[in-house]
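Engineer: My questions all concern the structure below.
The values are calculated or read from the model by the stated rules, or taken from the named source; none is laboratory data. Note that the structure is predicted; figures quoted are calculated from it, not measured. Here the Cβ positions follow ideal geometry from the backbone for every residue, glycine too, while neighbour counts run over all protein chains shown. Protein only, heavy atoms only, side chains kept; ligands, DNA and RNA dropped before computing areas. Shrake-Rupley method; radii C 1.70, N 1.55, O 1.52, S 1.80 Å.
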Amino acid sequence: MQCLEAQGEQPGHRVPQARAPRRAHHDLAAVPDTPELRAVSGVKGWIDRVFTSGFAYGPAVPPPYGESSLTGRRALVSVTVGARDSAFSDRGIHGSFEDVLHPMRHGLFWFTGMNPLEPFAVYSSNELPDDRFVRARTEYARRLDTLFLATPVPFRSLTGGDYDHDMRLLPGVETPGTRGLDSTCTSATGSEGHLAQLPLSLFERVQISAVRWCRHDEGAP
């Protein structure tokens, strides 16, 4: 996983330098070195170093879920997946794609005030016909060019009046029949970020390839 920073560092904040992890006895066991494990390890280190207490969350910053210290930035998750798109549907073996990414989009980005965009997803990424690679590359470039034009995922704000003091959704706020993670949104999300039927093997299988977060300055289109 690559984490790409863009405009707008938070004033006065310095990202702590990476430190060598302390080795516990159980760390000495042999662990397979796979692209998937390297990607997970990389993103965890990025989260630990950037989203620190007192900067990204905590009593000294605005409330989470919509008003924290990273308010004004946008987040785009770009994912290549080895499985077919049907495996990530509401009845797919992996569960819906939105549910799989919910801990990152809602529990990390939205929690710290960032506006998550619909993800860019490419399925069946083990094969790559030339024509589909060109289409996928063009679509990905378009998504990056429209970071500040796309509509963010409409997650509910903690302080917007939809939740009670115990952080439970008030009765009758959601659309009838809404259940589970869907209740964290004010409306159904679209499929702007999905590229079903566009295989791409530019990156390793089932690997988040990029997270780009930017600051949306006042007056920007």
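Engineer: Scanning for something open to solvent by less than 50 Å² (accessible area, probe 1.4 Å), β-branched (V, I, T) and modelled with pLDDT under 90, does the range 191-208 turn up at least one residue?
Structural biologist: For the range 191-208, residues open to solvent by less than 50 Å² (accessible area, probe 1.4 Å), β-branched (V, I, T) and modelled with pLDDT under 90: present.
Engineer: If you don't mind, another one. Write out, first by first residue and then by second, each pair whose Cβ atoms fall under 8 Å of each other, whose residues are 6+ apart or on separate chains, and whose first residue, in the range 32-56, is assigned to a loop (DSSP other than H, G, I, E, B) and at pLDDT 90 or above while the second is open to solvent by 80 Å² or more (accessible area, probe 1.4 Å) and not polar (S, T, N, Q).
Structural biologist: As it stands, the answer is F51/Y57; G54/A60, since those pairs meet every condition given.
Engineer: Looking at the range 118-152 only, could you name the residues that are outside any helix (DSSP H, G or I) and among the hydroxyl-bearing types (S, T, Y)? Please lay out each step first, then the result.
Structural biologist: Step one: of the range 118-152, the residues outside any helix (DSSP H, G or I) are 118-129, 146-152.
Passing the criteria: Y123, S124, S125, T146, T151.
Engineer: Same structure again: Among the residues of the range 133-184, write down those that are open to solvent by 40 Å² or more (accessible area, probe 1.4 Å), in contact with a strand residue (DSSP E or B) (Cβ under 9 Å, 6 or more places away or on another chain) and in contact (Cβ under 8 Å) with a residue 40 or more places away in the chain.
Structural biologist: Passing the criteria: R135, E139, Y140, L144, F148.
Engineer: Here is a follow-up. What pairs can you find where one residue is in the range 75-95 and surrounded by fewer than 16 Cβ atoms within 10 Å (Cβ to Cβ), the other is part of a helix (DSSP H, G or I), and their Cβ atoms are less than 7 Å apart, with a gap of 6+ or different chains?
Structural biologist: Taking only residues 6 or more apart or on different chains, the pairs are G92/S86; I93/A87; H94/A87; H94/F88; H94/V100.
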